[in-house]
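Heads up: the structure comes next, in structure tokens.
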Amino acid sequence: MIASKFLVIRRDNIGDLVCTTPLISALRQHFPTARIDALVNSYIRPVVEHNPDLDHVYNYTKAKHRAENISVLRVYFDRIKLMWQLRRTNYEYVILANASCLPRPIHLAQQVNPKRVIGFVEPDAPGSGYIDLPVALDRANPAHECETLFKLLQPLGIKGTPPPMKVEAMPEEVARVKAQLDGLGWRAEEQIIGIHVSARQISQRWPADHFVALIKLLHQRYRAKFMLFWSPGDEQNPHHPGDDQKANAILQGAAGLP
């Protein structure tokens, strides 16, 4: 099977897009000369912006993610322009990279108007009739998100084990952090543990004092050093609630540790 243009649509959250990168890598491995693009929302674009397996990354802004000085009308006008641009590209395939059958990605595919659409289908799911290369979703045997999404490549003759997930950081950011760590005298052979403290769902959030206790225990047991990661911003931000206050509490509670 020969195809020259693919568009992978993924409009969810950061982790969901990371779990889509094995699918993208496998596409590139099997179609090395094809044009492979991605359509994502603006909030998660950095996850794939430097992905070497993609030729172009397109993004649109969800109304709830718009900046304060941007109107809802402008958001939808810009989206119409983007869809017209994608429609003119004449994609052979659009891949709806969701582990379910969702109406909004299907609507985006309809606007792009490719020759074929690959996606999961479920009984009575709205819009599933538009997917002309359907893959049955097996709810009875749940798998990891990467493994589930990889099944979407079956209509293209791609099977087997998904390749690893892939996130390419901005080169200038890599250089900046490396210089910062070199300045602290940190060495690659040391035990360095990354602690990520943010979670979108309230049920998945851990309190600051639990993280402090964990950091102290790991330092005592392994003499480890730590890098703290969190979603930036104020927790009251209605569009992108952040954990600046939580991170400061952890830093204060773990004061004196590396």
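The values are calculated or read from the model by the stated rules, or taken from the named source; none is laboratory data. Everything quoted here is computed from the prediction, not taken from an experiment. Because the Cβ atoms are built from the backbone with ideal geometry, glycine has one as well, and the counts that use them run over all protein chains shown. These accessible areas exclude ligands, DNA and RNA; they are computed on the full protein's heavy atoms, side chains included. Shrake-Rupley method; radii C 1.70, N 1.55, O 1.52, S 1.80 Å.
Run down PRO52, PRO105, PRO114 and say which single residue is open to solvent by less than 80 Å² (accessible area, probe 1.4 Å), in contact (Cβ under 8 Å) with a residue 60 or more places away in the chain and in a loop (DSSP other than H, G, I, E, B).
Working: PRO52 fails: open to solvent by less than 80 Å² (accessible area, probe 1.4 Å); PRO105 fails: in a loop (DSSP other than H, G, I, E, B).
Result: PRO114 is the single residue among PRO52, PRO105, PRO114 that is open to solvent by less than 80 Å² (accessible area, probe 1.4 Å), in contact (Cβ under 8 Å) with a residue 60 or more places away in the chain and in a loop (DSSP other than H, G, I, E, B).
Hey, among the residues in region 182-204 that are within 21 Å of the chain's Cα centre (by Cα) and farther than 20 Å from ILE44 by Cβ, which one's most open to solvent (accessible area, probe 1.4 Å)?
Checking each candidate, the answer is ILE202.
Could you list, in sequence order, all residues of region 33-48 that are at pLDDT 95 or above, of a type outside the set (Val, Ile, Thr) and either part of a loop (DSSP other than H, G, I, E, B) or out of contact with any strand residue (DSSP E or B) (no Cβ under 8 Å at 6 or more places or on another chain) (or both)?
ALA34
Examine region 118-127 for a residue that is over 26 Å from HIS30 (Cβ atoms), buried (at least 16 other Cβ atoms within 10 Å of the Cβ) and in contact (Cβ under 8 Å) with a residue 24 or more places away in the chain, and state whether such a residue exists.
yes
Return the residue satisfying two criteria in turn: it lies in region 135-152 and is free of Cβ contacts under 8 Å to residues at least 60 places away in the same chain, surrounded by 17 or more Cβ atoms within 10 Å (Cβ to Cβ) and touching a helix residue (DSSP H, G or I) at 6+ places or on another chain (Cβ under 9 Å), and of such residues it is nearest to TYR91 (Cα to Cα).
VAL135
Quick check on my filter: what residues within region 227-252 are open to solvent by less than 30 Å² (accessible area, probe 1.4 Å) and farther than 26 Å from GLU68 by Cβ?
ILE250, the sole residue that qualifies.
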